[in-house]
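Engineer: Below is the structure I would like to discuss, written out as structure tokens.
What follows draws every value from the coordinates through simple rules; no lab data is involved. The model shown is predicted, which means the values in this text are computed figures rather than measured ones. Here Cβ is always computed from backbone atoms with ideal geometry, including for glycine, and neighbour counts include all displayed protein chains.
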Amino acid sequence: MKKIGVIGLGNIAQKAYLPVMATLQDQYEWHLTTRNEAKGEMLEQKYGFKHFHQTLDELIAEKPLAVFVHTPTKTHYEIIKRLLNSKINVYVDKPISENLAEVKELYTLAAKNNLLLTCGFNRRFAPFDQELKQISDKRTIVSEKIREDALQPVGYAIFDLMIHSVDTAVYLMDEPIETFNNFLVTRDGNLEQGYITLQGKKSQVQIITNMVGGSNLEQTTVQGLKTRQVVTNLNLLQTYQTGGVTQASRPDWENTLVTRGFDPIIRAFLEAVDNGGENPVSPESAILSHKLCYDLVKTIKK
């Protein structure tokens, strides 16, 4: 049975990844890394995982086919570099790094070693966002993330929160970017609003993040020549066409991790690793999403 490693067993791993991985124990031998013995015992009792390690060295020694990295962003660069140099495929939570040069370096290293480095942009795999992708001849894309009142330091807010909307827009856009503009509203080093506008040959894209918007909302709108669709909070799809509006929700029985794209992206990565397939999140598009965020952060430093 093929070995798959996991390092970083915090909140995101426990909520979004381990529940899916637990269902795949008949296909893969999971090796989890934590120095916290109590956490290991809890995860063993809850999910039945059997293989635990205390250090990255111990995990690498097992020679896993791939490793999921869910550690803090500041640790990503060194961990990923070690894994790639050890000839191990990598899946990592976004962002790979807040340093664009490091992101590019790691993708270059992965290509040199003929390995996958996949960034965990789960929203690309959300079923309703994939329906938006199918709209032909897109003319307008609006991807927005609203928070009720959640001021955060500029860099953190952009790379932790806004990057979701940025990558959703990059994924949905079907043509090269010809021009772009960005704009920030800040208060005492915190982000209030962030805006990016992308212009293609035919399409116009707006990316909006409002940290003091009076509500919590994630919404993406795509306007084509014959239809307009709006996805709200990943679980509601409204379709506007001549003659009326239709509305669809994800099935009540569907697991939230499917609705939000975590389950599909995990399976897509494992399938690509197993079969030597293409990266489910292309390096070029992932680098572009990081670059747009990096360039936005740079505007405040100027």
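Engineer: Using only Cα atoms, locate the centre of the range 272-299 and the centre of the range 129-171, then give the distance between them in Å, rounded to an integer.
Structural biologist: About 15 Å separates the Cα centre of the range 272-299 from the one of the range 129-171.
Engineer: Something else now. Is any residue of the range 107-137 close enough, with backbone N under 14 Å, to a label point placed 7 angstrom from the Cα of Ser249 along the Cα-Cβ axis, and if so, which?
Structural biologist: Within reach of a label on Ser249, which here means backbone N under 14 Å from a point 7 Å along Cα→Cβ, the range 107-137 contributes nothing.
Engineer: Quick one: length gained pulling Met42 to Ile12 fully straight, 0.36 nm per residue minus the C-alpha distance?
Structural biologist: Result: 9.2 nm gained on full extension.
Engineer: Looking only at GluC sites (Glu not before Pro) in DSSP loops with at most 13 other Cβ atoms within 10 Å, what is the longest site-free stretch of the chain?
Structural biologist: With a cap of 13 other Cβ atoms within 10 Å, the longest stretch comes to 1-147.
Engineer: Provide the per-residue ³J(HN,Hα) series for the range 181-194, in order, calculated from phi with Karplus coefficients 6.51, -1.76, 1.60 and θ = phi - 60°, each as a whole number of Hz, with x at glycine and proline positions.
Structural biologist: 9, 9, 7, 10, 10, 10, 9, 6, x, 9, 8, 9, 9, x
Engineer: Sticking with this one: Between the alpha-carbon centers of the range 210-254 and the range 6-70, tell me the distance in whole angstrom.
Structural biologist: 35 Å
Engineer: What's the exposure ranking of Trp253, Trp30, going from fewest to most Cβ atoms within 10 Å?
Structural biologist: Ascending number of Cβ neighbours within 10 Å: Trp253, Trp30.
Engineer: Please compute the modelled spin-label separation between Thr256 and Leu217, points set 7 Å along Cα→Cβ, answer in nm with one decimal.
Structural biologist: If labels sit at Leu217 and Thr256, their model points lie 2.2 nm apart.
Engineer: Moving to a separate point now. So what is the calculated 222 nm ellipticity per residue for the chain, using -39500 (n - 2.57) for each DSSP H run with n of 4 or more, over all residues, to the nearest 500 deg cm²/dmol?
Structural biologist: Computed mean residue ellipticity for the chain: -10000 deg cm²/dmol.
Engineer: What do you get for Rg/Rh of the chain when both radii come from the Cα atoms and Rh is the Kirkwood radius? If you can, show how the numbers build up before the last one.
Structural biologist: On the way: Rg = 19.7 Å, Rh = 20.2 Å.
On the Cα set of the chain, Rg over Rh gives 0.97.
Engineer: How large is the Kirkwood hydrodynamic radius of the range 69-184, in angstrom, based on all distinct alpha carbon pairs?
Structural biologist: After inverting the mean inverse Cα-Cα distance, the result is 16.1 Å.
Engineer: Ok, one more. Ordered by residue, what ³J(HN,Hα) values in Hz, to whole numbers, does the range 26-43 give under the Karplus form 6.51 cos²θ - 1.76 cosθ + 1.60, where θ = phi - 60° and Gly and Pro are x?
Structural biologist: Per-residue couplings from phi come out as 7, 10, 9, 9, 8, 10, 9, 10, 7, 7, 8, 4, 5, 5, x, 5, 5, 5 Hz.
Engineer: Using 1/(1 + (r/R0)^6) with R0 = 22 angstrom and r between the beta carbons of Lys104 and Glu175, what's the FRET efficiency to the nearest 0.05? Walk me through the numbers before you get to the answer.
Structural biologist: Values: r = 23 Å, r/R0 = 1.04.
The formula returns an efficiency of 0.45 here.
Engineer: List, in order, the whole-Hz ³J(HN,Hα) value for each residue of the range 142-147 obtained from phi through the Karplus relation with A = 6.51, B = -1.76, C = 1.60 and θ = phi - 60°; use x for Gly and Pro.
Structural biologist: Those phi angles translate into 10, 10, 9, 10, 10, 10 Hz.
Engineer: Which of Ser203, Ser289 comes first, and how do the rest follow, when ranked by fewest Cβ neighbours within 10 Å?
Structural biologist: Ser203, Ser289
Engineer: At a 10 Å Cβ-Cβ cut-off, how would you order Phe52, Phe183, fewest neighbours first?
Structural biologist: Arranged by neighbour count, lowest to highest, Phe52, Phe183 become Phe183, Phe52.
Engineer: Filter Lys63/Lys291; Lys104/Lys133; Lys2/Lys112; Lys201/Lys298; Lys15/Lys145; Lys3/Lys39 down to the pairs with a C-alpha to C-alpha distance above 30 Å, please.
Structural biologist: Working: Lys63/Lys291 32 Å; Lys104/Lys133 26 Å; Lys2/Lys112 23 Å; Lys201/Lys298 26 Å; Lys15/Lys145 21 Å; Lys3/Lys39 21 Å.
As for pairs spanning more than 30 Å Cα to Cα, those are Lys63/Lys291.
Engineer: Continuing with the same structure: Pull out the extension gain between Lys202 and Asp295, defined as 0.36 nm times the separation in residues minus the alpha carbon to alpha carbon distance; nm, one decimal.
Structural biologist: Contour length minus Cα-Cα distance gives 31.1 nm.
Engineer: Follow-up. When DSSP beta bridges are limited to those with both residues in the range 2-119, what percentage is antiparallel, rounded to the nearest 5?
Structural biologist: So the antiparallel bridges amount to about 0 percent of the total.
Engineer: Which residue fluctuates most in the GNM of the chain (Cα springs below 10 Å): Phe262, Phe159, Phe49?
Structural biologist: Between Phe262, Phe159, Phe49, it is Phe49 that shows the largest mean-square fluctuation.
Engineer: So, one more: Relative contact order for the chain using alpha-carbon pairs under 8 Å, separation at least 6, rounded to a whole percent?
Structural biologist: Relative contact order of the chain: 18 percent.
Engineer: If you don't mind, another one. Considering every pair of different Cα atoms, what Kirkwood radius, in Å, is found for the range 2-119? Spell out each step's value before the answer.
Structural biologist: Numbers: mean 1/r = 0.0696 Å⁻¹.
By the Kirkwood definition, the hydrodynamic radius is 14.4 Å.
Engineer: Run the numbers for Lys2 and Asn113: contour at 0.36 nm per residue of separation, minus the present Cα-Cα distance, in nm.
Structural biologist: Taking Lys2 through Asn113 to full extension adds about 38.0 nm, to one decimal.
Engineer: What FRET efficiency do you get for Asn233 and Glu58 if R0 is 30 Å and r is their Cβ-Cβ distance, rounded to the nearest 0.05?
Structural biologist: That pair, Asn233 with Glu58, gives E of 0.15.
Engineer: Looking only at the chain, where both bridge partners belong to it, what percent of the DSSP beta bridges are antiparallel (to the nearest 5)? Intermediate values should be presented prior to the final figure.
Structural biologist: Details: 41 of 68 bridges.
So the antiparallel bridges in the chain amount to around 60 percent.
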